[in-house]
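A short worksheet on the structure shown next.
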Amino acid sequence: MRTPLGTFVHARSGDKGGDANVGLWVAHDGSPAYDARVAWLLDLVTPDAVRTLLPEAADLDVEVHRLPGLGAVNVVAHGLLGQGVAASSRFDPQAKGLGEFLRSRHVEIPEELL
């Protein structure tokens with residue numbers, strides 16, 4: 001089913017100089033689908049998938065660090081913020097809204113995970 005990534009994935013984002021940093025994780029909410037949701041998230045979030053979900057990162061170096069024990073991934077989009085907050089003309093120069101933007105993006109989620 002095509003639905004927002006944030007249906008069960010949470011996010012926290014910010015800046016590290018000119019790089020945007022986003023943590024995405026599946027909450028431990030008691031769902032019997034938790035383990036399957038984590039496996040799905042770990043498979044979904046790749047550098048190419050991030051570039052698709054975040055078009056302004058299409059030509060950037062994107063790193064994805066898998067954190068399976070936490071049910072999470074950490075994403076770093078190098079250079080997304082240019083020279084950093086003081087030099088950025090972006091609407092969100094500190095990338096504080098980036099996690100929520102990614103959560104709003106629609107992805108294919110298997111119905112058994114919903």
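Where a number appears in this text, it was derived from the coordinates with a stated rule and is not lab data. Because the structure is a prediction, the values reported are computed rather than measured. Positions of Cβ are backbone-derived with ideal geometry, glycine not excepted, and every protein chain shown enters the neighbour counts.
For the chain, the 222 nm mean residue ellipticity estimated from helices alone, with every DSSP H stretch of n ≥ 4 adding -39500 (n - 2.57) and the total spread over all residues, rounds to -6000 deg cm²/dmol. Contact order, relative form, for segment 2-113: 42 percent (alpha carbon pairs under 8 Å, 6 or more residues apart, mean separation divided by residue count). Here's how it looks for L67: its modeled amide H is under 5 Å from those of A72, V73, N74, which are all 5 or more places away or on a different chain. Extending 7 Å from the Cα toward the beta-carbon at both R2 and H78 defines two label points whose distance is 3.3 nm. Protection proxy ranking of 6-18, 50-62, 27-39, by the mean of other Cβ atoms within 10 Å over each peptide's residues and highest first, is 6-18, 50-62, 27-39.
Between H65 and A39, the simple spin-label model (points 7 angstrom out along Cα→Cβ) gives 2.6 nm. Assuming charge only on the beta carbon of Lys and Arg (+1) and of Asp and Glu (-1), the dipole of segment 2-113 about its Cα centre is about 280 debye to the nearest 20. In the chain, the longest principal axis of the Cα atoms and the axis of helix 34-44 are about 40 degrees apart.
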